[in-house]
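To start, the structure under review is shown below, and the notes come after it.
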Amino acid sequence: MTGAAQVLAEVQAFLTLGFVVFLRVGAAAALLPVFGERVVPMRVRLVLALGLTAIVAPAVVSQMPDLARAPRWDRLLLSETVIGLALGAMLRLFVLGLMIAGSMAAQATSLAQIFGGQAADPMPAIGHIMVIGGLALAAMLGLHVKLVMLFLLSYDVLPPGQPPPAEDLLTWAVDHVAQVFSLAFSLAAPFIIASLVYNLALGVINRAMPQLMVAFVGAPAITAAGLAILAIALPLILSEWSDALDRFLAVPFAGAP
């Protein structure tokens with residue numbers, strides 16, 4: 001009976017530790033790229049979150065508060081959930097950056113209404129190609145390992161049971177949103193430049209030949225140019241996006257609380 005009681009106490013302590021870690025990891029997993037996509041079934045997402053929890057939990061035992069002495073569960077529930085959602089949201093913004101870049105490229109090249117609206121998140125075909133390609137590239141480059149390292153680092157910067165300061169969290173989020181929007185514009189720059197050149201050329205031709213319906217002549221040209229730019233520039237676009245994601249994962253808490 002004594003041995004069974006000891007085993008039961010150890011199991012209870014492990015389950016309590018896993019629950020506290022799952023609060024952070026599970027909240028983040030709901031928004032993470034690849035793991036938190038809406039096309040992934042809910043049960044699969046739950047299993048992935050539990051798997052990440054099982055990997056992270058043994059490594060953060062020493063950083064946990066004493067869970068055997070009636071810890072402040074209200075503080076743990078609040079802080080761990082908020083931290084997990086913040087981490088997941090920061091990474092989800094990179095996917096939104098690809099979606100924004102795809103929408104800007106499609107609008108610039110008159111491809112916004114072609115083959116759009118079939119994904120879980122309605123977007124033009126260019127945006128869908130960018131998102132799927134970016135997620136596949138991130139998964140092939142070891143995103144799961146980088147996420148585990150991110151969670152382990154988060155316990156050093158944001159200890160359990162201590163809610164992050166709201167002002168610092170807001171500053172961190174605003175700075176990161178600005179960086180992602182800048183990244184999205186940079187990724188869509190080839191399409192925007194092509195659209196600018198196209199419209200300038202169209203204006204010159206229209207002034208020189210007012211009788212010519214330049215819009216009907218130029219529409220196929222900009223569409224073909226957009227598809228050509230997509231085929232040529234997409235590898236470089238995804239490479240730049242992957243590098244930006246890696247830079248964030250290398251120093252995720254720059255300017256954070």
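The values are calculated or read from the model by the stated rules, or taken from the named source; none is laboratory data. From a predicted model like this one, the values you see are computed outputs, not experimental measurements. Cβ: placed from backbone, ideal geometry, glycine included. Neighbour counts: every protein chain shown.
Just so you know, in the range 55-95 the residues that are small (G, A, S) and at pLDDT 90 or above include one that is farthest from L187 (Cα to Cα), and it is G84. Residues that are over 30 Å from L52 (Cβ atoms) and touching a Gly at 6+ places or on another chain (Cβ under 8 Å): which helices (runs of 4 or more DSSP H) entirely in the range 149-257 hold 2 or more of them? In the range 149-257, the matching helices (runs of 4 or more DSSP H) lie at 189-208. For A188, the criteria (1) at pLDDT 90 or above; (2) surrounded by fewer than 17 Cβ atoms within 10 Å (Cβ to Cβ) hold in every case but one, which is (2). Of all residues in the range 84-113, how many are β-branched (V, I, T) and within 8 Å of the chain's Cα centre (by Cα)? Number of matching residues: 1.
Only residues that are among the β-branched types (V, I, T), surrounded by fewer than 17 Cβ atoms within 10 Å (Cβ to Cβ) and closer than 30 Å to L93 by Cα were counted across the range 198-229, and they come to 1. For the range 152-168, the criterion of being under 13 Å from the mean Cα position of the chain (by Cα) and modelled with pLDDT of 90 or more is met by no residue. Within the option set G51, G88, G97, being under 22 Å from L135 (Cβ atoms), touching a Gly at 6+ places or on another chain (Cβ under 8 Å) and of a type in the set (G, A, S) holds for one residue only, G88.
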